[in-house]
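What follows is one structure encoded as structure tokens, with my remarks underneath.
The values are calculated or read from the model by the stated rules, or taken from the named source; none is laboratory data. In this text, all values refer to a predicted model and were calculated from it rather than measured experimentally. Here Cβ is always computed from backbone atoms with ideal geometry, including for glycine, and neighbour counts include all displayed protein chains.
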């Protein structure tokens, strides 16, 4: 079994050591011991970190990602959860595409001012109603903010 210290895991994965410690605190990864003051991990942690990165990029919360692993650490991904996230992403794409199209129109609209442009006025109405933000499913916030790079 190949062991990697935390600095090597950070270098190979691109995940800062502070985030690795946070993930360990959240139960997403587990160290197997220490060499001096440095945590040691099995080499398989790199694949697990790649799955976590994919989940984060898709918009899953850390809690949702944590539930994607069986107690033995192997991936156990709920296909219905993936399908639901894909639907959520589709809704976000539709909203962002409509916003992009409206902004492009407003940029070239021949109306004397943006406030006289019907398309821009429609965008203002949507923004006022809170309908211009990407759709979000229910989220459970982590106890504290995730460290950044």
Of 111, 10, 50, 106, which residue is part of a helix (DSSP H, G or I) and either over 20 Å from the mean Cα position of the chain (by Cα) or under 30 Å from residue 131 (Cα atoms) (or both)? 106
On the basis of being loosely packed, with under 13 Cβ neighbours inside 10 Å and either in contact with a strand residue (DSSP E or B) (Cβ under 8 Å, 6 or more places away or on another chain) or in a strand (DSSP E or B) (or both), does residue 34 make the cut? yes
If we ask which residues in region 53-70 are in contact with a strand residue (DSSP E or B) (Cβ under 9 Å, 6 or more places away or on another chain) and either assigned to a helix (DSSP H, G or I) or within 19 Å of residue 87 (Cβ to Cβ) (or both), their number turns out to be 1
Odd one out for residue 148, checked against (1) at pLDDT below 90; (2) surrounded by 10 or more Cβ atoms within 10 Å (Cβ to Cβ); (3) within 30 Å of residue 2 (Cα to Cα): (2)
The conditions are (1) assigned to a helix (DSSP H, G or I); (2) at pLDDT below 90, and residue 20 fails exactly one of them. Which is it? (2)
Hits in region 81-99 - residues which are in contact (Cβ under 8 Å) with a residue 40 or more places away in the chain and exposed (fewer than 13 other Cβ atoms within 10 Å of the Cβ): 84
Complete set of residues in region 37-47 that are in a loop (DSSP other than H, G, I, E, B) and surrounded by 12 or more Cβ atoms within 10 Å (Cβ to Cβ): 43, 44
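Take residue 97 and decide whether it is over 30 Å from residue 11 (Cβ atoms) and either in the same structural domain as residue 10 (by TED's automatic domain parsing) or within 21 Å of the chain's Cα centre (by Cα) (or both).
Yes; evaluated as a whole, the condition is true for this residue.
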